[in-house]
Amino acid sequence: MPSSRTSSPPVALITGVTGQDGSYLSTLLLDKGYVVHGLAPTHSFGLPVDPRVTTHHADLGEGTNLSAVIDQVAPAEVYHLGAQSHVKVSFELPVYTAEVTGLGTLRLLEAIRHHQARTGRQVRFYQASSSEMFGKAVETPQTEQTRFHPRSPYACAKVYAYWQTVNYREAYGMFACNGILFNHESPRRGEAFVTRKITRAATRIKLGLAHELRLGNLDACRDWGFAGDYVEAMWLMLQQNEPDDYVIATGETHSVREFLDEVFGYLELDWKKSVVIDPQFNRPSEVDLLRGDATKAREKLGWRPKVAFRELARMMVDADLKLAEQEAVIEKHR
């Protein structure tokens with residue numbers, strides 16, 4: 001059960017606050033009465049931040065200003081969502097990905113450890129781990145005990161961050177948790193990610209603003225859930241009496257091809273007339289099938305996903321159709 005650690009409003013710090021998960025988590029925590037601070041890089045061009053969130057700037061890649069922010073904010077909870085999180089980009093920028101996604105986590109853990117030593121106040125830490133760590137999965141579905149076999153620089157960096165989180169928990173007694181989240185999408189997903197790329201293109205095709213969509217492997221299968229559901233699991237992990245690691249997933253798997261069927265079918269379109277297979281979008285090493293088993297989260301956290309695959313796809317289409325309609329109006333008046 002969640003613990004009540006203080007009578008005053010709890011203070012939380014979210015790294016990656018301008019991303020999809022940071023956006024949903026900010027709202028969740030604000031609605032629960034938290035004082036919320038967000039960490040964003042100075043060059044961030046992500047989602048708008050809720051005006052009730054106090055934003056700070058620091059560089060996970062260099063560690064610049066991290067300790068100062070931790071000391072200034074004095075958070076009770078830190079949700080570490082900041083990363084270079086695009087798999088394809090990680091092949092193009094592997095060293096940068098390792099610096100930000102891997103070593104950035106270590107830098108943050110060190111800043112928290114030193115803050116705790118100076119102040120004597122416990123900071124609860126959430127690490128955004130990824131199903132990509134399973135990569136070439138040795139078993140399906142994947143659980144907290146499944147061996148990692150990462151297949152990208154991003155996944156390798158996440159494995160490093162995962163084990164550093166475990167190490168700080170065991171070596172220093174820190175309240176540090178890994179949430180091994182499977183793919184989670186929403187209308188706020190970045191347009192470089194395949195689900196949002198599909199819904200954005202499909203709605204533009206529907207309105208005659210585009211005519212084709214270029215994709216890579218249509219047979220890749222993922223366990224897709226709704227980001228708004230998944231940030232609740234993050235919060236629940238930090239409310240427990242003891243820190244632990246949890247798989248967060250729907251337990252269902254669908255292919256990119258199925259996602260196309262759902263999205264284009266909802267728009268009464270035939271995706272086969274618009275989709276072009278382009279090898280440039282294939283990964284050097286592919287992850288074919290990911291499906292998670294969230295039994296532990298269900299039993300210990302009381303967490304369950306609420307939004308199903310079809311509802312998720314249609315939610316994203318509805319949001320992107322509004323964007324496409326606005327774009328069509330602008331085009332008409334040019």
Report task. Please tell me the relative contact order of the chain in percent, rounded to the nearest whole number, where contacts are Cα pairs under 8 Å and at least six residues apart. Result -> 18 percent
Query raised in the report: Using Cα atoms only, what is the angle between the long axis of helix 194-206 and the major principal axis of the chain, expressed in degrees (0 to 90) to the nearest 10?
Result: 30 degrees
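Tell me whether segment 1-123 comes out rounded, prolate or oblate; compute the Cα gyration tensor, take square roots of the eigenvalues as a ≥ b ≥ c, and use a/c under 1.5 as the rounded threshold. Can you show the working numbers first?
Values: a/c = 2.01, a/b = 1.37, b/c = 1.47.
Here segment 1-123 falls in the oblate category.
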Query raised in the report: Out of residues 5 or more away from residue 290 or on other chains, whose amide H comes under 5 Å of its own, with H placed 1.01 Å from N in the peptide plane?
Result: 221, 222, 223
Query - 222 nm mean residue ellipticity, helices alone, for the chain (DSSP H n ≥ 4; -39,500 (n - 2.57); rounded to 500) - result: -11500 deg cm²/dmol
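How do 200, 304 rank when sorted from fewest to most other Cβ atoms within 10 Å of their own Cβ?
Details: 200 21, 304 12.
By the 10 Å Cβ count, ascending: 304, 200.
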Query raised in the report: Which pairs break 25 Å Cα to Cα here: 136/296; 88/322; 136/300; 32/158; 88/136?
Result: 88/322; 136/300; 32/158
Report summary line: Projected convex hull area of segment 240-334, Cα atoms, direction-averaged, in nm², equals 10.1 nm²
Requested in this report: With both partners inside the chain, how many of the DSSP beta bridges are antiparallel, as a percent to the nearest 5?
Outcome: 5 percent
Report summary line: From the Cα centre of segment 40-112 to that of segment 260-334, the distance in Å is 27 Å
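How would you classify segment 23-88 from its alpha-carbon gyration tensor, with a ≥ b ≥ c the square roots of the eigenvalues: rounded for a/c under 1.5, else prolate if a/b is greater than b/c, otherwise oblate?
Values: a/c = 1.79, a/b = 1.19, b/c = 1.50.
Oblate shape, in that a/c is at least 1.5 and b/c is the bigger or equal ratio.
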Query - Distant-in-sequence amide H partners of residue 226 (H built 1.01 Å from N, under 5 Å) - result: 185, 307
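So for segment 160-256, considering every pair of alpha-carbon atoms, how many percent are separated by more than 24 Å?
Here the tail beyond 24 Å accounts for 41 percent of pairs.
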Report task. Rounded to the nearest 10 degrees, what's the angle between the helix 227-237 long axis and the longest principal axis of the chain, both from Cα atoms, 0 to 90? Result -> 20 degrees
Report summary line: One computes Rg over Rh for the chain from alpha-carbon atoms, with the Kirkwood Rh, and obtains 0.97
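Taken together, the values in this text are just the output of simple stated rules run on the coordinates, not laboratory data. Treat the numbers as computed from the prediction; the structure is a model and nothing was measured. Don't worry about glycine lacking a Cβ; one is built from the backbone with ideal geometry, like all the others, and counts go over all protein chains shown.
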